[in-house]
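Peer 1: Before I ask anything, let me first share the structure, which is written out below as structure tokens.
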Amino acid sequence: MKESTKKILNLIRDSVNQIDPQAEIILYGSRARGDEQTDSDWDILILIDDEATFERERTFRHHLYDLELSLGEAFSVFVFNRIEWNAIFKVTDFYQNVVNEGIAV
């Protein structure tokens, strides 16, 4: 993994941890696979112990927005409850892709 990628992932982790230090953060998609283009977004999955409400997801997105602006990068953020993710979403292709290619941050 490139040093620049590690640096950005550390910044993402620090930003998410300011909201929820127990959150699990997973990078998936082209950047996790290493086949990203220069304009590829950062696909970020955040798993939390609390209910993953729209308001909670918006809190993470807004907090990360300042980082997006300062870096000139685009983040695609999804927030799920950890238990629901491992139970309900387990049968989806999205879940399988994240499990197979995801990188814990």
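The numbers here are math on the coordinates, done by the rules we state, and not lab data. In this text, all values refer to a predicted model and were calculated from it rather than measured experimentally. All Cβ positions, even for glycine, are placed from backbone atoms using ideal geometry, and neighbour counts span all protein chains on display.
Peer 1: Only one of (1) among the β-branched types (Val, Ile, Thr); (2) under 24 Å from residue 1 (Cβ atoms); (3) surrounded by 14 or more Cβ atoms within 10 Å (Cβ to Cβ) is not met by residue 48, so which one is it?
Peer 2: Failing condition for residue 48: (2).
Peer 1: Are any residues in the stretch 70-85 loosely packed, with under 13 Cβ neighbours inside 10 Å and either touching a helix residue (DSSP H, G or I) at 6+ places or on another chain (Cβ under 7 Å) or over 13 Å from residue 42 (Cα atoms) (or both), and if so, which ones?
Peer 2: 70, 74, 83
Peer 1: Here's a follow-up. Scan the stretch 49-57 and give yes if some residue there is assigned to a loop (DSSP other than H, G, I, E, B) and without any contact (Cβ under 8 Å) to a residue 24 or more places away in the chain, otherwise no.
Peer 2: There is at least one residue in the stretch 49-57 that is assigned to a loop (DSSP other than H, G, I, E, B) and without any contact (Cβ under 8 Å) to a residue 24 or more places away in the chain.
Peer 1: Right, another one. Quick check on my filter: what residues within the stretch 1-46 are in contact with a Phe, Trp or Tyr (Cβ under 7 Å, 6 or more places away or on another chain) and either in a loop (DSSP other than H, G, I, E, B) or without any contact (Cβ under 8 Å) to a residue 24 or more places away in the chain (or both)?
Peer 2: Within the stretch 1-46, just 41 meets the criteria.
Matching residues to (1) of a type in the set (A, V, I, L, M, F, W, C); (2) under 16 Å from the mean Cα position of the chain (by Cα):
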position: 27; (1), (2): yes, yes
position: 35; (1), (2): no, no
position: 58; (1), (2): no, yes
position: 63; (1), (2): no, yes
position: 78; (1), (2): yes, yes
position: 85; (1), (2): yes, yes
position: 100; (1), (2): no, yes
